[in-house]
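One structure is given here, and the rest of the page talks about it.
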Amino acid sequence: MAGAAANPLLERFGQKRMQQVLVLAGLLLVFIIIHFATGGRFLTKRNLGIIVSHAVIPTFITWGLVFSFTSGMIDLSIGSIVVLASNFAGIMGLKFGYAGLLLGGLAAGVALQALNGVVFLKTKIPPWVAGLGMAMIYESIGAFYSNMAVRRGEMVVSLGSQLRGLGQLPFNVLMLVPGLIAVYILFCRTSIGLNVRAVGSDLRVTKEMGINPNRAKFLGMVVCGIFIGLGSAINESYVGQLLPRTGLTTVATIFQPLTAVLIASSMGAIFNLVIGVVIGTISLSALFNALTLLGVPSGTWQEVVLGILVIAVTVVSMRGEEGVVK
């Protein structure tokens, strides 16, 4: 009986894997076609390096989102946290070098995500609503800091030509290796990752297992802050100066990481989620790069193409599934 029950499940999993392999093969075929359509400029060694380099920062941010979003903590203030953490990383970097840059980003990312965790869990407001409120607060803090600097006749923190190596090839890509190892261990081999996944799967069963849901969610957000902080430090090194933004414009920052999470989740029969994130962010970076080479304007039609791709990938890869991709 058990074998008979298992066979349909194995068969369904095999079909799902085959569907996702076909989707991935189709995507690779599209990139090969684009390579020839761009006169051989797309799949060159130099351009591939650019694609991977541009995927580094979204990858770290997406790794962070895996911990918060898996537990159901949909935080839309991530973009505003990146702005504040990047600026704080720059301030600390100018004082203490690369160590200050990394530790400054880490400290700001963890502190702000921990604050969000307390606010979300204590107020019991839906996380996406509370996240919008926190985003407005963080944007205002950034604007206040910027205005104060202008009044003093100073600039918002600028690295100039200093500390730029971390955001450039090959060092930014090399950061992916320890990052991948760390997130894999934390998400797949520790109680933090296990509890986060349990909370996101079934809250009732989680409680029966003796797991404290609020503690699991809070720790997930703290770990999220670690990777967002690292991504912010690399981001500050890459851009040199990140000006504060208001009007909830920072919410758009989360779009690409969210899409990468969706792609990684929809490819779960092929890749572990952590590795799937890397595939997702690099694929998105390649897509934007290809569209740019083809002359498709950014900010309009590139987003249209991206939206169509995400829907197509999700529909095909999750065919036959009930519910939604978490």
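Residue-level check: of (1) more than 26 Å from residue 69 (Cβ to Cβ); (2) assigned to a helix (DSSP H, G or I); (3) in contact with an Asp or Glu (Cβ under 9 Å, 6 or more places away or on another chain); (4) not small (Gly, Ala, Ser), residue 83 misses just (1).
The single residue among 253, 281 that is touching a helix residue (DSSP H, G or I) at 6+ places or on another chain (Cβ under 8 Å) and modelled with pLDDT under 85 turns out to be 253. For the stretch 252-287, the set of residues classified as buried (at least 19 other Cβ atoms within 10 Å of the Cβ) and farther than 26 Å from residue 16 by Cα consists of 253, 254, listed by residue number. Taking the criterion of being touching a residue at least 24 places away in the same chain (Cβ under 8 Å) and of a type in the set (Gly, Ala, Ser), the residues of the stretch 202-225 that qualify are 216, 220, 225.
Taking the conditions exactly as written (more than 24 Å from residue 76 (Cβ to Cβ), modelled with pLDDT of 85 or more, crowded, with 17+ Cβ neighbours inside 10 Å and of a type outside the set (Val, Ile, Thr)), does residue 291 satisfy them or not? Yes. What is the residue count in the stretch 121-142 for residues that are surrounded by 17 or more Cβ atoms within 10 Å (Cβ to Cβ) and free of Cβ contacts under 8 Å to residues at least 60 places away in the same chain? Total meeting the criteria: 4. When residue 224 is tested against (1) in contact with an Asp or Glu (Cβ under 8 Å, 6 or more places away or on another chain); (2) closer than 15 Å to residue 83 by Cβ; (3) modelled with pLDDT of 95 or more, exactly one condition is not met: (2). Residue-level check: of (1) surrounded by fewer than 17 Cβ atoms within 10 Å (Cβ to Cβ); (2) over 26 Å from residue 96 (Cα atoms); (3) more than 17 Å from the chain's Cα centre (by Cα); (4) touching a residue at least 40 places away in the same chain (Cβ under 8 Å), residue 184 misses just (3). The set of residues in the stretch 143-153 that are small (Gly, Ala, Ser) and surrounded by 10 or more Cβ atoms within 10 Å (Cβ to Cβ) comprises 143, 146, 149.
Let's see how each residue does on (1) under 19 Å from the mean Cα position of the chain (by Cα); (2) on the phi > 0 side of the Ramachandran plot; (3) in a helix (DSSP H, G or I):
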{"residue": "51", "(1), (2), (3)": "yes, no, yes"}
{"residue": "64", "(1), (2), (3)": "yes, no, yes"}
{"residue": "67", "(1), (2), (3)": "yes, no, yes"}
{"residue": "79", "(1), (2), (3)": "yes, no, yes"}
{"residue": "97", "(1), (2), (3)": "no, yes, yes"}
{"residue": "103", "(1), (2), (3)": "no, no, yes"}
{"residue": "141", "(1), (2), (3)": "no, no, yes"}
{"residue": "149", "(1), (2), (3)": "no, no, yes"}
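From the list 198, 143, which one is within 22 Å of residue 236 (Cα to Cα) and among the aliphatic types (A, V, I, L, M)? The match here is 143. Can you spot a residue in the stretch 154-174 that is more than 20 Å from residue 57 (Cα to Cα), exposed (fewer than 13 other Cβ atoms within 10 Å of the Cβ) and not basic (Lys, Arg)? Scanning the stretch 154-174, I find at least one residue that is more than 20 Å from residue 57 (Cα to Cα), exposed (fewer than 13 other Cβ atoms within 10 Å of the Cβ) and not basic (Lys, Arg), so the answer is yes.
The values are calculated or read from the model by the stated rules, or taken from the named source; none is laboratory data. As the structure is a prediction and not an experimental result, all values here were calculated from the model. No Cβ is skipped: glycine too gets one built from the backbone with ideal geometry, and neighbour counts run over all protein chains shown.
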